[in-house]
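The values are calculated or read from the model by the stated rules, or taken from the named source; none is laboratory data. None of these values were measured; they are calculated from a predicted model. FYI the Cβ positions are ideal-geometry reconstructions off the backbone, even for glycines, and counts take in every protein chain you see. Accessible surface areas use protein heavy atoms only, side chains included; no ligands, DNA or RNA. Shrake-Rupley method; radii C 1.70, N 1.55, O 1.52, S 1.80 Å.
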Amino acid sequence: MERLEAKSVLEIGCGTGFIIHHYLKKVPDIHLPIGIDVSLDDLREMKRRSPFLEIVQADGFRVPFRKSAFQIIFFNPPYLPSEKIIDRTVDGGKDGIEVTCGFLKSAKRVVKRGGYVVFITSSLSNIENLEKRIRDLKFSIHSKHFKRLFFETLICYVLKIVQ
């Protein structure tokens, strides 16, 4: 995957901060790295691992930042298809994309013009419907990266806003 440089980075649903922590090792010159999650326990673990990160307890469907605040937004949402959302860490809704689409709506509001939204999903999700919703939200697919696992393929999307 191409190297994406930014000064302001947000991870939605950061959990213990694995993704943003890994990104910051590769691109250390970030002035505003922030992680949000609904789990206070996960945020405490993230702060322990990366004390220089700002953490905010918040829901990924209602990101509490001003418009166009970030150059890059990451998330690894729950993406497995499920009739009900019982386990928030894996259940992504009926098509496996409902949580992803909610995060995309929030990300669209807070990503800067020319910025990127990067997320992971599974081939088990309804990819055709997901890509339609991406276009409906006025994002373009900048690139896609694939990693085959034993029962699925993970897909990393890099999006930009179409304006």
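Quick one: in region 139-163, which of the residues that are assigned to a loop (DSSP other than H, G, I, E, B) and closer than 18 Å to I72 by Cβ is modelled with the highest pLDDT?
Restricting to residues being assigned to a loop (DSSP other than H, G, I, E, B) and closer than 18 Å to I72 by Cβ, the top hit is V162.
Residue pairs, Cβ under 6 Å, 6 or more apart or interchain, first in region 71-87 and touching a residue at least 24 places away in the same chain (Cβ under 8 Å) and under 19 Å from R3 (Cβ atoms), second open to solvent by 70 Å² or more (accessible area, probe 1.4 Å) and not in a loop (DSSP other than H, G, I, E, B). List them.
Going by the 6 Å Cβ cut-off, the qualifying pairs are Q71/K112.
Quick one: in region 36-69, which of the residues that are among the acidic types (D, E) and not in a loop (DSSP other than H, G, I, E, B) is farthest from K7 (Cα to Cα)?
Per the criteria, the residue is D41.
(1) modelled with pLDDT of 95 or more; (2) open to solvent by 60 Å² or more (accessible area, probe 1.4 Å); (3) out of contact with any helix residue (DSSP H, G or I) (no Cβ under 7 Å at 6 or more places or on another chain): which one isn't true of K47, the others all being true?
So the condition that K47 fails would be (1).
Just to be sure I understand, how many residues within region 111-150 are open to solvent by 20 Å² or more (accessible area, probe 1.4 Å) and in contact (Cβ under 8 Å) with a residue 24 or more places away in the chain?
Selection size over region 111-150: 16.
Among (1) of a type in the set (V, I, T); (2) more than 23 Å from H142 (Cβ to Cβ); (3) touching a Leu at 6+ places or on another chain (Cβ under 6 Å); (4) modelled with pLDDT of 85 or more, there is one condition V90 misses while meeting the rest; what is its number?
All conditions are met except number (4).
Six or more apart or on different chains, Cβ atoms under 7 Å: show the pairs whose first residue is in region 53-68 and under 23 Å from R113 (Cα atoms) and whose second is open to solvent by less than 40 Å² (accessible area, probe 1.4 Å) and of a type in the set (G, A, S).
Once the first residue is under 23 Å from R113 (Cα atoms) and sits in region 53-68, its partners that are open to solvent by less than 40 Å² (accessible area, probe 1.4 Å) and of a type in the set (G, A, S) give G60/G13; G60/G102; G60/S106; F61/G102; F61/S106; R62/S106; V63/S106; P64/A58.
Kindly indicate whether any position in region 79-92 is open to solvent by less than 20 Å² (accessible area, probe 1.4 Å) and either under 15 Å from I19 (Cβ atoms) or β-branched (V, I, T) (or both).
no
Can you work out which of the residues in region 8-29 that are among the β-branched types (V, I, T) and open to solvent by 20 Å² or more (accessible area, probe 1.4 Å) is nearest to the chain's Cα centre (by Cα)?
So the residue we want is I19.
Determine if region 97-110 includes at least one residue that is modelled with pLDDT under 80, under 14 Å from the mean Cα position of the chain (by Cα) and assigned to a loop (DSSP other than H, G, I, E, B).
Checked region 97-110: no residue is modelled with pLDDT under 80, under 14 Å from the mean Cα position of the chain (by Cα) and assigned to a loop (DSSP other than H, G, I, E, B).
Go through the residues of region 24-35 one by one and say whether even a single one is part of a loop (DSSP other than H, G, I, E, B) and under 27 Å from D95 (Cβ atoms).
no
Which of the numbered conditions does G96 fail, given that it passes all the others? Conditions: (1) more than 21 Å from L10 (Cβ to Cβ); (2) in contact with a helix residue (DSSP H, G or I) (Cβ under 6 Å, 6 or more places away or on another chain); (3) not basic (K, R).
(2)
Out of all the residues in region 1-30, which are β-branched (V, I, T) and in contact (Cβ under 8 Å) with a residue 40 or more places away in the chain?
V9, I12, I19, I20
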